[in-house]
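Engineer: What follows is a single structure, and I will ask about it in a moment.
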Amino acid sequence: QVQLEESGGGLVQAGGSLRLSCAASGSIFSIDDMEWYRQAPGKERDLVASITSGGSTNYADSVKGRFTISRDNAKNSVYLQMNSLKPEDTAVYYCHADRLVSRSSWPGGMDYWGKGTLVTVFS
């Protein structure tokens with residue numbers, strides 16, 4: 001059974017840094033894009049950053065220059081380095097895997113979400 005598990009959230013002062021990690025477990029053959037989303041209280045879930053299997057990245061304008069997404073294909077993992085954090089970055093951060101092909105979803109693959117990790121930035 002495939003699972004995505006995030007870690008690394010917490011409480012940090014404005015201007016500080018956090019590094020989020022997300023690991024996919026199970027009998028995984030491949031994953032296309034991997035993304036980080038976030039959802040603040042009372043707001044919709046928004047895309048923060050994405051990375052292709054080849055390493056091409058894309059960022060929301062609000063985090064460009066402050067956040068860096070990376071991945072380790074061998075570990076089926078994706079990371080989000082968050083620097084210069086602001087109170088408006090406070091949200092639950094979710095990991096998402098596009099077209100994850102596993103033993104159970106061969107050959108078409110499925111999309112998966114993690115359960116989220118809370119990031120709270122205080123001023």
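The values are calculated or read from the model by the stated rules, or taken from the named source; none is laboratory data. Just so you know, these numbers come straight off a predicted model, no measurement behind them. We place every Cβ from the backbone using ideal geometry, glycine too, and count neighbours over all the protein chains shown. The protein model used for the area step is the full one, side chains on, heavy atoms only, and it has no ligands, DNA or RNA in it. Shrake-Rupley method; radii C 1.70, N 1.55, O 1.52, S 1.80 Å.
Engineer: Have a look at 70, 62 and point out the one that is part of a loop (DSSP other than H, G, I, E, B), among the polar types (S, T, N, Q), surrounded by fewer than 17 Cβ atoms within 10 Å (Cβ to Cβ) and modelled with pLDDT of 95 or more.
Structural biologist: The unique qualifying residue is 62.
Engineer: Answer with yes or no whether residue 12 is β-branched (Val, Ile, Thr), surrounded by 13 or more Cβ atoms within 10 Å (Cβ to Cβ) and modelled with pLDDT under 95.
Structural biologist: In short, no.
Engineer: While we're here: If you go through the range 22-58 one residue at a time, how many are open to solvent by less than 50 Å² (accessible area, probe 1.4 Å), under 11 Å from residue 76 (Cα atoms) and either in a strand (DSSP E or B) or without any contact (Cβ under 8 Å) to a residue 12 or more places away in the chain (or both)?
Structural biologist: 6
Engineer: Let me ask something else about it. Considering only residues that are free of Cβ contacts under 8 Å to residues at least 40 places away in the same chain and of a type in the set (S, T, N, Q), look in the range 67-119 and name the one that is nearest to residue 30 (Cα to Cα).
Structural biologist: For the range 67-119, the residue satisfying everything is 70.
Engineer: Just to be sure before I move on: is residue 101 within 22 Å of residue 18 (Cβ to Cβ) and surrounded by 11 or more Cβ atoms within 10 Å (Cβ to Cβ) in the structure I sent?
Structural biologist: No; evaluated as a whole, the condition is false for this residue.
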